[in-house]
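Here is the structure we will look at, set down as structure tokens.
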Amino acid sequence: MYNNFAYVYDELTRDIDYRKWADYVERLMKKHQVNGSMILELGCGTGSFGIEMARRGYEMICLDLSTEMLDCANEKAKKEGLDILFLNQDMCNFELYGTVDVIVCLLDSFNYLTKETQIQKLFKLVQNYLNPNGLFIFDVNTCYKFENILSDNLFYEIGDNVTYLWENEYNSKTKIARFDLTFFVRQDMLYERFDETHFERAYSHDEIMKFINNSDLKFLAVYNELKLSKPSEKSQRNFYVCKKVKS
């Protein structure tokens, strides 16, 4: 997963406004009264969010399972002269040398955890590496999005340098979506083809609350995408905010 995909990821996600996402995370920190300076990002991808936060003066630790993604992220950070610690680790089995003020898991990285045991491990590690009163902020693609937007649809984009086909298959019983992606990437006068398969799982609000309640974290709020309002039944992405209340 995320092999050749890493090198076209930024072009395919160019519509994501990382400044807006960074603004939103800062709003959540302010609303929930956390003035943290050290932030850990789980599943950082090519580092765009971490780089934006580092520009704002935060001390960033960014980890990802893909070495290809991290290579891209490190190259981008070096070009800007930013000192970011990139770690090649699994978000369900990571290790730090100290604790942090905020942990974020963004852009539906949470949905890539298709087994409940993975999420249980994640929450245990988050609780372990958060400072007292620290925040855990994560977003999820909602069940509504999987069932009505992604579903069994086919998406595509034809570009000058990258063309892709994205075919979905959603199993309503297992709540697991399979994404088959085919890319054609321009190399001089020719196009190189490569294929990727990804899996995400839909989790209901009740399921997520069960994970939170079974952890040592305190649930603070759930919000609609990049807003401070409550989600609706048709919300496509929800943000959860939890707090570490035990030392």
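The values are calculated or read from the model by the stated rules, or taken from the named source; none is laboratory data. The structure presented is a predicted model; accordingly, all values stated were derived computationally and were not measured. No Cβ is skipped: glycine too gets one built from the backbone with ideal geometry, and neighbour counts run over all protein chains shown. For the accessible areas, the whole protein counts, side chains as well, though only heavy atoms, and no ligand, DNA or RNA atoms are used. Shrake-Rupley method; radii C 1.70, N 1.55, O 1.52, S 1.80 Å.
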Q | Cα centroid of segment 203-242 to Cα centroid of segment 40-75, whole Å | A | 24 Å
Q: For the chain, just the Cα set please: Rg and Dmax, both in angstrom.
A: 17.9, 59
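I need the peptides 187-194, 131-138 ranked by packing, meaning the mean over residues of other C-beta atoms within 10 angstrom, with the highest value on top. Intermediate values should be presented prior to the final figure.
Working: 187-194: 9.2, 131-138: 20.2.
Packing proxy ranking, top to bottom: 131-138, 187-194.
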Q: Assuming 0.692 mPa s and 37 °C, estimate D for segment 145-201 with Stokes-Einstein, Rh taken as the Kirkwood radius over Cα pairs, in µm²/s.
A: 268 µm²/s
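If packing is taken as the average count of other Cβ atoms within 10 Å, what order do 211-218, 36-43, 76-83, 64-71 fall into, highest mean first?
Working: 211-218: 16.6, 36-43: 21.1, 76-83: 12.4, 64-71: 19.6.
Descending packing order for the listed peptides: 36-43, 64-71, 211-218, 76-83.
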Q.
List the Cys residues of the chain that have no partner Cys with a C-beta closer than 4.7 Å.
A. 72, 92, 105, 143, 242
Q | Distance between modelled label sites at residue 74 and residue 230, nm, 7 Å Cα→Cβ extension | A | 4.7 nm
**Q.** Accessible area in square angstrom per residue, the chain, 1.4 angstrom probe
**A.** 53 Å²
Q. Which whole-Hz couplings ³J(HN,Hα) result when phi for each residue of segment 140-155 is put into the Karplus expression 6.51 cos²θ - 1.76 cosθ + 1.60, θ = phi - 60°, listed in order with x for Gly and Pro?
A. 9, 5, 7, 4, 4, 5, 5, 7, 10, 10, 6, 6, 10, 8, 10, 10
Q: May I ask you to list the residues of segment 15-36 whose amide nitrogen lies under 17 Å from a point 7 Å from Cα along the Cα→beta-carbon direction of residue 245?
A: 32-34
Q: Positive end of the charge dipole of the chain (Lys, Arg +1 and Asp, Glu -1 on Cβ, about the Cα centre): tell me which of 39, 72, 87 has its Cα farthest that way.
A: 39
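Given charges of +1 on the Cβ of Lys and Arg and -1 on the Cβ of Asp and Glu, with all other atoms neutral, how large is the dipole of the chain about its Cα centre, in debye to the nearest 20? Mind showing how you got there, number by number?
Working: 30 positive and 38 negative charges, 274 e Å.
I would put it at about 1320 debye.
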**Q.** Virtual spin-label span in nm between residue 116 and residue 157, 7 Å along Cα→Cβ
**A.** 3.6 nm
Q. Within the accessible area of the chain, what % is carbon and sulfur when the probe is 1.4 Å and the other protein chains stay in place?
A. 45 percent
Q.
Give the aspartates and glutamates whose C-alpha is closer than 17 Å to that of residue 246, dropping any in the same chain fewer than 8 places away, or say none.
A. 101, 216
